[in-house]
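Step one of this worksheet: look at the structure below.
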Amino acid sequence: MIIGVDVNQLTGTHGASNQRKHSQMMREGADLLSLRLPFGDYILIDDEIQRIIDKSGAENVHKKDLQDVIKLSIDTKKNLQEVVGNICSRQHERFKRELLAAHGRLVLLIEEPGIETLEDVYFWENPRLKINPKATKGSSLYRSLLTIQNEYDVRICFCDRRETGKKIIEILEEGKT
């Protein structure tokens, strides 16, 4: 199995913080290939995508080359606080553009201890509420995620940080058919 990894996941602070999940994927037998992805962080390199890569080389593949051929992409979030930042801040427009570009081909995989289902988010206690009483509450985040799931046809999954690599492979394997 070859997994395409967005270049941003392999560089800078992202690269260091993602080392665990990348090591997990490689231990599970996956090869990782750095690409510029139009949406999400991880894709399965299928035959159609491999032909595009073979034609021009991975370093020359542009986002637009992959836009219409990606069947499923996984966008990882290191915790619910990052999701809050994507939904409730200046990042919102960029995040919304990515959701629209994916057209129902995106899985949002959120690493958050103790959260296993979307319903669990409702009861999440945002640590920032201790400093700022106006910080996003779990119930508000739950409603936002429910909207994203329904309006943008995004599948939302949760996992423990120690299992992210395995979960990425599992989701990509499910999406092959």
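The values are calculated or read from the model by the stated rules, or taken from the named source; none is laboratory data. Note that the structure is a prediction, hence the values are computed from the model and not measured. Note: ideal-geometry Cβ built from the backbone for every residue, glycine included; neighbour counts use all protein chains shown.
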Within the stretch 28-62, which residues are among the charged types (D, E, K, R) and either over 20 Å from Thr11 (Cβ atoms) or within 16 Å of the chain's Cα centre (by Cα) (or both)? Glu28, Arg36, Asp41, Asp46, Asp47, Glu48, Arg51, Asp54, Lys55
Does at least one position in the stretch 72-94 carry a residue that is touching an Asp or Glu at 6+ places or on another chain (Cβ under 7 Å) and among the aliphatic types (A, V, I, L, M)? yes
Residues that are farther than 19 Å from Thr117 by Cβ and either of a type in the set (A, V, I, L, M) or in contact with a His (Cβ under 8 Å, 6 or more places away or on another chain) (or both), drawn from the stretch 132-167: Ala135, Gly165
Take the residues of the stretch 1-55 that are of a type in the set (Ser, Thr, Tyr) and surrounded by fewer than 17 Cβ atoms within 10 Å (Cβ to Cβ): which is nearest to Lys167 (Cα to Cα)? Ser23
Give me a count of the residues in the stretch 62-78 that are in contact with a strand residue (DSSP E or B) (Cβ under 6 Å, 6 or more places away or on another chain) and under 17 Å from Asp46 (Cα atoms). 3
Pairs where the first residue, in the stretch 125-144, is more than 12 Å from Leu80 (Cα to Cα) and the second is part of a loop (DSSP other than H, G, I, E, B), C-beta under 6 Å, 6+ apart: Leu129/Ala135; Ala135/Asn126; Ser139/Tyr122
Residue that is farthest from Glu174 (Cα to Cα), among those in the stretch 27-48 that are touching a residue at least 60 places away in the same chain (Cβ under 8 Å) and in contact with a strand residue (DSSP E or B) (Cβ under 8 Å, 6 or more places away or on another chain): Phe39
Subset of the stretch 129-172 that is touching a strand residue (DSSP E or B) at 6+ places or on another chain (Cβ under 8 Å) and among the β-branched types (Val, Ile, Thr) - its residue that is nearest to Tyr42 (Cα to Cα): Ile168
Does the stretch 84-96 include one or more residues that are touching a residue at least 40 places away in the same chain (Cβ under 8 Å), buried (at least 16 other Cβ atoms within 10 Å of the Cβ) and within 28 Å of His22 (Cα to Cα)? yes
Filtered residues of the stretch 162-177 (kept if within 18 Å of Leu80 (Cβ to Cβ) and either modelled with pLDDT of 95 or more or surrounded by 15 or more Cβ atoms within 10 Å (Cβ to Cβ) (or both)): Thr164, Lys167
